[in-house]
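The values are calculated or read from the model by the stated rules, or taken from the named source; none is laboratory data. Since the structure is predicted, the reported quantities are computational estimates derived from the model, not experimental observations. Ideal geometry is used to build each Cβ from the backbone, glycine not excepted, and the neighbour counts take in all protein chains shown. We work out accessible area using only protein heavy atoms, side chains counted, and drop any ligands, DNA or RNA first. Shrake-Rupley method; radii C 1.70, N 1.55, O 1.52, S 1.80 Å.
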Amino acid sequence: EPVSFDTVPQADVGRAPIDPPSAAVSGDGRYVAFTSSVQLVPSDTNHQGDVYVLDRTDGRVTLESPSFQGRVSQADCEHPSISADGRWVAYSVMDKVLLRDRLRGETKVLSHGRDPHISADGSFVAFTSMAPHLGKEDVYLLDMRTGVILRISVDNNGARPSSGWSGMSSISGDGHVIAFVSSAPFVQRADRPVPWVYVRDTQANTTRPVAPGVRPAISAGGRYVAFASATANLVSNDRN
């Protein structure tokens, strides 16, 4: 049920942990999905981290990680991602990716995995998961319209490298371009293996290296990728 921030003691709001990437904003900036271990609504009784959505037009907050499959979660819900219109919220709990339809008040399990990122229209969800027979983490893309899951962390030939891990995905607005991080040898380099940011175009079937780095965030059109890097030679004026 909704509640206004005005009704929550300020001390409780101040304690709410907002640890990136634990918050996400809808396309028009109206809705903010975030995680908090504070009981912001009376129905939050599990004493765990939960997913909430703030409506900035009226300041109301709704719980979006209620019980699913008849059970109340006894683990922290993490990494919320919200669609452009604010209807769909993807998040992870206990190595499962869940999807919340805020309009219908329904929640369903999509797959094993974590750290989901949903496309603008809610048609695609990128996430990280460990394949049991490989024992390594990869990035996958679920097409909500067909139920088909594609491995994203592959090279231009569609092959997965024999070593390394992949994760930290970010998805474009239409869901066809995904940025991710990998320690796998997609590019040949003589230095020590460090995580690189890559961009996978599922329509062109190409995987393009960007630079050594982590935590990419891709623009809605898929043209721009922001990322963090400790590499000192990416630009000429990086002096620290």
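Take Tyr91 and decide whether it is hydroxyl-bearing (Ser, Thr, Tyr), without any contact (Cβ under 8 Å) to a residue 40 or more places away in the chain and closer than 21 Å to Arg215 by Cα.
No; evaluated as a whole, the condition is false for this residue.
Restricting to the stretch 180-198, give me the number of residues that are of a type in the set (A, V, I, L, M) and buried (at least 21 other Cβ atoms within 10 Å of the Cβ).
Final tally of qualifying residues: 3.
Anything in the stretch 49-74 that is surrounded by fewer than 16 Cβ atoms within 10 Å (Cβ to Cβ), at pLDDT below 85 and touching a strand residue (DSSP E or B) at 6+ places or on another chain (Cβ under 9 Å)? List them, or say none.
Selection gives Ser67, Gln69.
So, of the residues in the stretch 112-122 that are farther than 10 Å from Ser172 by Cα and crowded, with 19+ Cβ neighbours inside 10 Å, which turns out to be farthest from the chain's Cα centre (by Cα)?
Result: Gly122.
In this structure, is Arg208 open to solvent by 40 Å² or more (accessible area, probe 1.4 Å), touching an Asp or Glu at 6+ places or on another chain (Cβ under 9 Å) and without any contact (Cβ under 8 Å) to a residue 12 or more places away in the chain? Quick ask: steps written out before the conclusion?
Numbers: open to solvent by 40 Å² or more (accessible area, probe 1.4 Å): yes; touching an Asp or Glu at 6+ places or on another chain (Cβ under 9 Å): yes; without any contact (Cβ under 8 Å) to a residue 12 or more places away in the chain: yes.
When the stated conditions are applied, Arg208 passes them.
Within the stretch 97-111, is there a residue that is in contact (Cβ under 8 Å) with a residue 60 or more places away in the chain and open to solvent by less than 30 Å² (accessible area, probe 1.4 Å)?
The answer is no; no qualifying residue exists.
Name the pairs whose Cβ atoms lie under 8 Å apart, with the first residue in the stretch 223-238 and outside any loop (DSSP other than H, G, I, E, B), the second open to solvent by 100 Å² or more (accessible area, probe 1.4 Å), and 6 or more positions between them or separate chains?
Note: pairs meeting the criteria are Phe227/Arg215; Ala228/Arg215.
Given the structure, is Asp44 assigned to a loop (DSSP other than H, G, I, E, B), acidic (Asp, Glu), open to solvent by less than 60 Å² (accessible area, probe 1.4 Å) and over 25 Å from Ser169 (Cβ atoms)?
In short, yes.
Only residues that are in a loop (DSSP other than H, G, I, E, B), open to solvent by less than 20 Å² (accessible area, probe 1.4 Å) and under 13 Å from Val199 (Cβ atoms): list them for the stretch 123-179, please.
Residues satisfying the conditions are Ile152, Ser153, Val154, Ser172.
Give the residues of the stretch 19-35 that are open to solvent by less than 90 Å² (accessible area, probe 1.4 Å) and modelled with pLDDT under 90, sorted by residue number.
Of everything in the stretch 19-35, those that are open to solvent by less than 90 Å² (accessible area, probe 1.4 Å) and modelled with pLDDT under 90 turn out to be Pro21, Ser22.
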